[in-house]
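The values are calculated or read from the model by the stated rules, or taken from the named source; none is laboratory data. Just so you know, these numbers come straight off a predicted model, no measurement behind them. We place every Cβ from the backbone using ideal geometry, glycine too, and count neighbours over all the protein chains shown. Quick note on the areas: whole protein, heavy atoms, side chains included, nothing else; ligands and nucleic acids left out. Shrake-Rupley method; radii C 1.70, N 1.55, O 1.52, S 1.80 Å.
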Amino acid sequence: MQEHRLQQLHEDFKRCFEQEPSVCVRAPGRVNLIGEHTDYNDGFCLPMAIDKDVLIYAAPRDDDQVRVYSQQTEETAQFTLSNAIEKSEEVSWSDYIKGCAQILIEEGVSLKGCDLALTGNVPLGSGLSSSAALEVAVIHAFLQICDQSCADDKIAVLAQRAENNYVGMNCGILDQLSSACCQAGQAMLMDCRSLHLDQAPLPDSVSIVIADTGKRRGLVDSAYNERREQCEAGAAALGVSHLRDATMHGLYQAKQDGKIDALTLQRCEHIVAENGRTQAAAACLRANDMEALGQLMDQSHADLRDKFEVTCVELDDMVRIARSLPGCLGSRMTGAGFGGCTVSLVESNAVDEFVKALEDAYKKIHDLPVAVYVTGAAAGAGPISLASSVS
Ligand code: ADP
Ligand code: MG
């Protein structure tokens, strides 16, 4: 499968740029098992990289131009490397690439002009982080082209900065850190404050099932920013920098003292509980207690639906159906919410029937392009040797 994608991309690279690539890199999308909306609260997340990714071939040029071809958009973008790379008038896919170049230049990296061809099979805009996969892959490609290296967690921070400061999306560090740093066969407990990462192995007895509701996130930007503001207001009222440092007791006290209103309390309760659940979930993986992990996922979804209010009828239906099927230990929405995907923990010996039954039952109630897949825990981003990719 990957060989076929690489072969096609290699053909496209040669056709677009009339030269051979000298660099090949990949960066995966991610699914977050638990720990939702906690990243921008300096809290904990438990993602794993998925076996869908962005692949890039690249070669240097003799000038200061960057040309990029995307198989998904079938477009080629071109820009000049400078201290102020001009942004597109409306947000365009090429802004993610320009943003990465701009941030690297600001870091003092002497970028070289280059040609890039990219392809991705992370579905766009469904909450599996195609944007982070793109950014992390592009940074790897740019660095390789100018013979520079950088620690994986630093690459994640630069990729996040590109998305925050250049593209203008106010995302936390979860997506980029997952794509850059996850390891094969492992979920990763992430401390989004220290960027400390702890592996938590995924046993073969369970499978991770991603179900794309087919509902694209409509209100996500404004609602996401509103939730962030509510979390910030809660933290400020408690006198802490982030909700990571808040306790339930502190929240109830603040409500009693009139420092926060009922809605802010409700939002903050989810974050404080979710941070606890996420650390407990990593402990469940280490102790191989899959039933307890499933229960934590169920509780997470309930809070995201009732307290943080970022689900929608499609996500709630997908989770409800999943939980009614044999072998399902837990299920929740994953990503920012308002559409996108759910993630379910399913006994491996029941997973084939689960996938089919989930898809069939969901299709009966929603006329949307649903997609259900089982994913392994993939390795984080890195180079692919040209010898193995170009044959
Ligand atoms: P998500 O990260 O959840 O998939 P985002 O809205 O954050 O959703 O990012 C999706 C955007 O990332 C796309 O609209 C597109 O601009 C860009 N993108 C990601 N992968 C590719 C690709 N392979 N080709 C072109 N653009 C891509
Ligand atoms: Mg994204």
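Brief remarks follow.
Every residue, every condition in (1) in contact with a strand residue (DSSP E or B) (Cβ under 7 Å, 6 or more places away or on another chain); (2) open to solvent by 10 Å² or more (accessible area, probe 1.4 Å); (3) under 20 Å from G382 (Cβ atoms); (4) within 16 Å of ligand 1 (Cβ to nearest atom), yes or no:
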{"residue": "F79", "(1), (2), (3), (4)": "yes, yes, no, yes"}
{"residue": "N83", "(1), (2), (3), (4)": "no, yes, no, no"}
{"residue": "S126", "(1), (2), (3), (4)": "yes, no, no, yes"}
{"residue": "L134", "(1), (2), (3), (4)": "yes, yes, yes, yes"}
{"residue": "H140", "(1), (2), (3), (4)": "yes, yes, yes, yes"}
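- So V31, is it surrounded by 22 or more Cβ atoms within 10 Å (Cβ to Cβ), assigned to a strand (DSSP E or B), within 16 Å of ligand 2 (Cβ to nearest atom) and of a type outside the set (G, A, S): yes
- Residue match in the stretch 60-76 (condition: in contact (Cβ under 8 Å) with a residue 60 or more places away in the chain and in a loop (DSSP other than H, G, I, E, B)): yes
- Search result, residues across the stretch 86-116 that are open to solvent by less than 40 Å² (accessible area, probe 1.4 Å) and modelled with pLDDT under 95: S88, S92
- Checked against (1) touching a helix residue (DSSP H, G or I) at 6+ places or on another chain (Cβ under 9 Å); (2) over 22 Å from R67 (Cβ atoms), L111 meets all criteria but (2).
- Selection within the stretch 162-171 - within 11 Å of ligand 2 (Cβ to nearest atom), surrounded by fewer than 23 Cβ atoms within 10 Å (Cβ to Cβ) and either at pLDDT 90 or above or of a type in the set (A, V, I, L, M) (or both): V167, M169
- Strands (runs of 3 or more DSSP E) enclosed by the stretch 314-391 - at least 3 residues per element that are closer than 19 Å to K52 by Cα and modelled with pLDDT of 95 or more: 341-347, 371-375
- Considering the conditions (1) polar (S, T, N, Q); (2) over 18 Å from C16 (Cβ atoms); (3) surrounded by fewer than 24 Cβ atoms within 10 Å (Cβ to Cβ); (4) within 16 Å of ligand 1 (Cβ to nearest atom), T119 is excluded by exactly one of them, (2).
- Answer from L128, L124, L143, L134 - the residue that is away from ligand 2 (no atom under 11 Å from the Cβ) and of a type outside the set (V, I, T): L143
- Residue in the stretch 357-367 that is within 30 Å of C171 (Cβ to Cβ) and in contact with a Leu (Cβ under 7 Å, 6 or more places away or on another chain) present: yes
- Residue match in the stretch 313-335 (condition: within 16 Å of ligand 2 (Cβ to nearest atom), on the phi > 0 side of the Ramachandran plot, surrounded by 17 or more Cβ atoms within 10 Å (Cβ to Cβ) and assigned by TED's automatic domain parsing to the domain that holds S207): yes
- If the condition is being of a type in the set (G, A, S) and under 28 Å from I145 (Cα atoms), then the stretch 11-50 contributes S22, A27, G29, A49.
- Qualifying residue in the stretch 204-212 (condition: buried (at least 21 other Cβ atoms within 10 Å of the Cβ) and in a loop (DSSP other than H, G, I, E, B)): no
- Set A273, A236, A254: member being open to solvent by 60 Å² or more (accessible area, probe 1.4 Å) and either in a helix (DSSP H, G or I) or of a type in the set (F, W, Y) (or both): A236
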